[in-house]
Amino acid sequence: MSKLLFFRQKRFDGTIHTGLELDDEPIAHRYEGGSGERDPALLWYVDLRCEGPGIPDDPELSAHWLLEHGSSIRDGFAGFARKLEVGADPDLYSLTWGEFPEEPEGVTMTIACSAARRVEARELSRILGDIAGRWDELIRKLEIPQSAEDFR
């Protein structure tokens, strides 16, 4: 069964790291911002976890698949953002959401998110809303290499 993971996370050094993994192998990522001393510990993260036989096994096709199903994915992120409008308490366990207007055939999708501190946990709704609003842009900015060797 194929697995596709989209992630966006903020590190303590201020860097925003966005990426894709296909069957637990990284296929693309992008770093934005950051300053000062390098610190990869996470302040918050958001994952879109997709699993099932309906996921393409080719990196380029999987990115296209995410764009093709963007409407449902954006609605899922927006719905989760509305649920967390007031915020959330930091917890050991991720907050999860599996409500999408239309899941692709043969695929289960779940959004998971968590924050290390209360301040960031209160921002999760805004972060989820930002991902919903910029979904296509975020995926298109992830340049998928032609082969796995090019990624490393």
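Restricting attention to the range 80-99 and to residues that are surrounded by 14 or more Cβ atoms within 10 Å (Cβ to Cβ) and of a type in the set (A, V, I, L, M), the residue that is modelled with the lowest pLDDT turns out to be 88.
Residues that are touching a Phe, Trp or Tyr at 6+ places or on another chain (Cβ under 9 Å) and outside any helix (DSSP H, G or I) were ranked within the range 51-68; the one that is surrounded by the most Cβ atoms within 10 Å (Cβ to Cβ) is 55. Residues that are part of a helix (DSSP H, G or I), surrounded by 13 or more Cβ atoms within 10 Å (Cβ to Cβ) and within 13 Å of the chain's Cα centre (by Cα) are absent from the range 12-25 altogether. Can you work out which of the residues in the range 100-118 that are in contact with a strand residue (DSSP E or B) (Cβ under 9 Å, 6 or more places away or on another chain) and free of Cβ contacts under 8 Å to residues at least 60 places away in the same chain is nearest to residue 80 (Cα to Cα)? Ranking the qualifying residues of the range 100-118, first place goes to 100. Within the range 132-143, residues that are closer than 13 Å to residue 81 by Cβ have Cβ atoms under 6 Å from residues that are of a type outside the set (A, V, I, L, M) and buried (at least 16 other Cβ atoms within 10 Å of the Cβ) in these pairs: 132/74; 132/77; 135/74, counting only partners at least 6 apart in sequence or on another chain. Per this entry, residue 80 is not counted among residues that are of a type in the set (Phe, Trp, Tyr) and farther than 20 Å from residue 132 by Cα.
Here the condition is being more than 13 Å from residue 139 (Cα to Cα) and crowded, with 17+ Cβ neighbours inside 10 Å; of 6, 77, it holds for 77 alone.
Applying a threshold of 9 Å to beta carbon distances and a minimum spacing of six or more residues, or different chains, the list of pairs starting in the range 58-81 at a residue that is in contact (Cβ under 8 Å) with a residue 60 or more places away in the chain and of a type in the set (Lys, Arg) and ending at one that is assigned to a helix (DSSP H, G or I) and surrounded by 15 or more Cβ atoms within 10 Å (Cβ to Cβ) reads 74/131; 74/132; 74/135.
The values are calculated or read from the model by the stated rules, or taken from the named source; none is laboratory data. It should be emphasised that the depicted structure is a prediction, and the values quoted were computed from it without experimental measurement. So basically every Cβ, Gly included, is an ideal-geometry build from the backbone, and we count neighbours across all protein chains shown.
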